[in-house]
1. Just to be sure I understand, how many residues within the stretch 109-138 are assigned to a loop (DSSP other than H, G, I, E, B), of a type in the set (A, V, I, L, M, F, W, C), in contact (Cβ under 8 Å) with a residue 40 or more places away in the chain and crowded, with 22+ Cβ neighbours inside 10 Å?
2. Could you please find all residues in the stretch 163-177 being open to solvent by 10 Å² or more (accessible area, probe 1.4 Å) and under 11 Å from the mean Cα position of the chain (by Cα)?
3. Looking at the stretch 58-70, is at least one residue of a type outside the set (G, A, S), modelled with pLDDT of 90 or more, surrounded by fewer than 19 Cβ atoms within 10 Å (Cβ to Cβ) and more than 13 Å from the chain's Cα centre (by Cα)?
4. Name every residue in the stretch 141-155 that is open to solvent by 20 Å² or more (accessible area, probe 1.4 Å) and at pLDDT 95 or above, in order of residue number.
5. Among the residues in the stretch 45-64, are any outside any strand (DSSP E or B), closer than 17 Å to V160 by Cα and in contact (Cβ under 8 Å) with a residue 24 or more places away in the chain?
6. With the requirement that a residue be farther than 17 Å from I135 by Cβ and either hydrophobic (A, V, I, L, M, F, W, C) or open to solvent by less than 50 Å² (accessible area, probe 1.4 Å) (or both), what does the stretch 86-99 give you?
7. Looking at R102 and the list (1) of a type outside the set (S, T, Y); (2) surrounded by fewer than 19 Cβ atoms within 10 Å (Cβ to Cβ); (3) closer than 19 Å to R166 by Cα, which single condition is not satisfied?
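The values are calculated or read from the model by the stated rules, or taken from the named source; none is laboratory data. As the structure is a computational prediction, the values presented were derived from the model and not from experiment. Backbone-built Cβ (ideal geometry, glycine too); neighbour counts: all protein chains shown. Note: accessible area is taken over every heavy atom of the protein model, side chains too, but ligands, DNA and RNA are not part of it. Shrake-Rupley method; radii C 1.70, N 1.55, O 1.52, S 1.80 Å.
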Amino acid sequence: MREYKIVVLGCGGVGKSAMTVQFVSSVWVERYDPTIEDSYRKMVEIDGRQCTLEILDTAGTEQFTGIRDLYMKNGQGFVLVFSITSQASVRDLQDLHDQILRVKDTDNIRDIPLVLVGNKCDLEDDRVVSRAQGIELSEKFGNSPFYETSARKRINIDEVFTDLCRQIMRKEVGAGTAHKDRKKIMNKCDIL
């Protein structure tokens with residue numbers, strides 16, 4: 001069985017841990033407790049193939065940026081998360097994106113499995129980051145797939161990790177067209 005290392009990145013308070021716990025355990029974590037580093041494992045079946053995802057939920061605070069290089073070096077795929085309720089969380093992603101490229105020693109983001117996530121879509125009334133901004137950032141990041149998610153309502157959570165796993169699998173088999181058309185934009189957040 002294959003094992004894939006996924007790294008979840010974004011600034012503090014965007015919902016990285018809530019998304020990860022919701023995916024792994026189907027549980028909504030109400031209380032915010034800043035993460036230093038948590039690692040989760042989940043067995044999944046993607047397109048008929050069994051695999052284990054090792055998901056690293058990273059710290060979003062500046063004081064832990066030094067250990068990010070190691071996470072990024074070992075990571076096979078990345079979930080970059082911002083909150084639709086925080087413009088600052090979007091600005092932080094550019095630095096993370098640049099750091100991934102530097103650590104992976106490439107200038108082509110298409111070489112790296114990546115999903116962009118605008119979390120907290122259940123807080124539509126508090127939105128300050130438009131869907132158009134998310135789409136624009138997705139295009140800037142090599143047409144990386146973009147999803148709006150809600151960890152609270154479990155909207156598009158499985159889709160994020162499944163999409164990323166598929167990208168890693170395509171890269172693993174060396175398919176020359178793995179990133180030919182990575183543009184997949186989920187710009188609809190159905191509030192349940």
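1. Counting residues in the stretch 109-138 that are assigned to a loop (DSSP other than H, G, I, E, B), of a type in the set (A, V, I, L, M, F, W, C), in contact (Cβ under 8 Å) with a residue 40 or more places away in the chain and crowded, with 22+ Cβ neighbours inside 10 Å gives 1.
2. D163, the sole residue that qualifies.
3. no
4. Within the stretch 141-155, R152, K153, R154 qualify.
5. yes
6. The answer is S86, A88, L96, Q99.
7. Result: R102 passes all but (3).
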